[in-house]
Amino acid sequence: KFPKTKEIQRYLFPFVCFDCRKTFRKPHSTAPRLCPQCAKPMAMLGRKFHSPRAADVQQWKKVRVLVELGFFFQSVYRTTPDGGKRVAPYPRTLREVAAFAQEFQSQAIVRQPSSWASPRTAVLGSLK
């Protein structure tokens, strides 16, 4: 094998497995990555993502719902009264997700569906 270049290794991104509730930091990849433990597809999130504890099922559910809605922990912005933009915080609880998703719907990222993703309407309907 050829060694990886420094450019490829420079930034590591969190890849999460929702079944194992684990995060693995790996170089950016457009190819799907599989969990090293369960071999199911993982989701690549933004570098600002901090994973909850494996035992915190509610927080993992919140993360999964956000990802299914197109929020991969990228920066989202709220318009200020003077016309500028300010980074908006992600929701802290599952209850806050529906309002967050509605407010920032235009900033959601659409990716190809994978085996862990479900349709947006079904996800929003399950939060009510």
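The values are calculated or read from the model by the stated rules, or taken from the named source; none is laboratory data. The structure displayed is predicted, hence computed values, not measured ones. In this analysis, Cβ positions are derived from the backbone assuming ideal geometry, glycine residues included, and neighbour counts consider all displayed protein chains.
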Could you give every pair whose Cβ atoms fall below 9 Å, whose first residue belongs to segment 37-59 and is over 12 Å from Thr23 (Cα atoms), and whose second residue is β-branched (Val, Ile, Thr), counting only separations of at least 6 or pairs across chains? Gln58/Thr93; Gln59/Thr93
The helices (runs of 4 or more DSSP H) lying wholly within segment 1-120 that contain at least 2 residues that are surrounded by 11 or more Cβ atoms within 10 Å (Cβ to Cβ) and at pLDDT 90 or above are 57-68, 97-103
